[in-house]
Amino acid sequence: MKINIFKTAEEIGAAVAEIFTDTVKANPSCVLGLATGATPVPTYKNIIKTFNEGGISFKDVKTYNLDEYCNLPKNDKNSYYTFMHEQLFNGLDILEENVHFLDGNAADPEAECKAYDAEINAAGGIDVQLLGIGNNAHIGFNEPADTFTEGSFKVKLTESTINANKIYFDENPMPEYALTMGIKQIVSAKKVILIATGEKKAEAVRNMIEGPVTAQVPASVLQEHDDALIFLDEAAASLLTK
Ligand code: PGA
């Protein structure tokens, strides 16, 4: 794990966006794993800014998102499909057929998860995977558990996650289930970038970096990854002791 501490979330957004745009420039048909939530928003803004400056195309880039809610229409304002289009895809020349999501409304979630994992493998695996971290140290929607999960699966969200995300649901109740990529699959990406910003993440960050590798702290699995870059602002890094 390589830890990078910046003053602000905006500075992290610029630094992480540069890694992504450099990846696309070096390999225009790369495969990116993307995340939702408040954390990646500055990164996505900066990727669009670089795209608008010219000299880079996302036409051959493929993306796979980490997770999607169950029982929420694809075009709902709170779906991750909508979020990604509003925050990133609509600002790029990426092709709709190249952006991929787990279908949280699939009649057979298990078959949907298997098909998604097979598609990622067929694409050659993920080159760079972006992650946020939950207050409970989840990555994707892999909540604290007894063992590290493998491939994509249907998960019942914990109270901690529901409390953190329900603020976005003003009309309908927040879904209690989601489909998510599994942990072993997430860490099979060649490079993993985790961003944590704000004081609320400080405890999860300390446990991820300084605690034991355990499925009770899902993000701690990154300690064992060969190319994991952690980007923290000062608030998220405030409980680190080393
Ligand atoms: P956030 O969510 O970026 O909205 O804090 C991160 C996560 O739950 O992984």
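The values are calculated or read from the model by the stated rules, or taken from the named source; none is laboratory data. This is a predicted model, so every value here is computed, not measured. Positions of Cβ are backbone-derived with ideal geometry, glycine not excepted, and every protein chain shown enters the neighbour counts. All accessible areas refer to the heavy atoms of the entire protein, side chains included, with ligands and DNA or RNA removed. Shrake-Rupley method; radii C 1.70, N 1.55, O 1.52, S 1.80 Å.
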Largest-first ranking of Thr147, Thr63, Thr8 by accessible area, probe 1.4 Å, whole protein assembly kept, is Thr147, Thr8, Thr63
Can you give me the C-alpha center-to-center distance between region 205-242 and region 85-117, rounded to a whole angstrom? 28 Å
With an 8 Å cut-off on Cα pairs and a minimum separation of 6 or more residues, tell me the relative contact order of the chain in percent. 25 percent
Pairs over 26 Å Cα to Cα, from Lys74/Lys154; Lys7/Lys200; Lys7/Lys45, come to none
Could you compute the FRET efficiency for Lys25 and Thr82, with r as their C-beta to C-beta distance and R0 at 30 Å, rounded to 0.05? 0.60
Select from the chain the helices, each a whole stretch of DSSP H, whose alpha-carbon atoms run 15 Å or more along the helix axis and whose Kyte-Doolittle mean is at least 0.0; answer none if there are none. 9-26
Looking only at GluC sites (Glu not before Pro) in DSSP loops with at most 15 other Cβ atoms within 10 Å, what is the longest site-free stretch of the chain? 1-149
Once both label points are put 7 Å beyond Cα along the C-beta direction, the Lys45-Asn172 separation in nm becomes 2.9 nm
Along its principal axes, what span do the Cα atoms of region 11-196 show, with the longest given first and each in whole Å? 43, 35, 28
Extending each Cα 7 Å along its Cβ direction at Ala118 and Ser238, get the distance between those two points in nm, one decimal. 4.9 nm
Which of the three applies to region 129-242, rounded, prolate or oblate, going by the alpha-carbon gyration tensor with a ≥ b ≥ c and a/c under 1.5 meaning rounded? oblate
If I compute solvent accessible area with a 1.4 Å probe over the protein chains, what percent of it on the chain is carbon and sulfur? 50 percent
